[in-house]
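The values are calculated or read from the model by the stated rules, or taken from the named source; none is laboratory data. Everything numeric here is computed off the predicted structure, so don't read it as measured data. Cβ placement follows ideal geometry from the backbone for every residue including glycine, while neighbour counts extend to all protein chains displayed.
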Amino acid sequence: MENSHSTQRSSRRSFWIELALALASLALLLLTLAWPEWIEGLFGVEPDAGSGAAEWAVAAAFAISSAVWGLRARSRWRTAFTRA
């Protein structure tokens, strides 16, 4: 019985971590879409010579990351919080 309790507690902790990562990725995606130059301003480099390709690649990576972490959190929610 104790083993299932610790597994459920671990699943709940994992859910919150995965949800936080999904939300952070989503926030960075929205930041990148609203202000694409933040990357260049933060790091002081222009890897795409001003074409915007790097910003689109970063936005796509954040979108994928947000979707993956969100789906993992949803799956974790189902196992951690819907058990009786």
Quick count over region 31-50, residues being at pLDDT 90 or above and surrounded by 14 or more Cβ atoms within 10 Å (Cβ to Cβ), is 4
If residue 6 satisfies all but one of (1) surrounded by 12 or more Cβ atoms within 10 Å (Cβ to Cβ); (2) out of contact with any Leu (no Cβ under 8 Å at 6 or more places or on another chain), what's the number of the condition it fails? (1)
Any chance region 51-58 includes a residue that's in contact with a helix residue (DSSP H, G or I) (Cβ under 9 Å, 6 or more places away or on another chain) and surrounded by fewer than 14 Cβ atoms within 10 Å (Cβ to Cβ)? no
Would you list the helices (runs of 4 or more DSSP H) that sit entirely within the chain and hold 1 or more residues that are within 10 Å of the chain's Cα centre (by Cα) and without any contact (Cβ under 8 Å) to a residue 12 or more places away in the chain? 2-34, 53-81
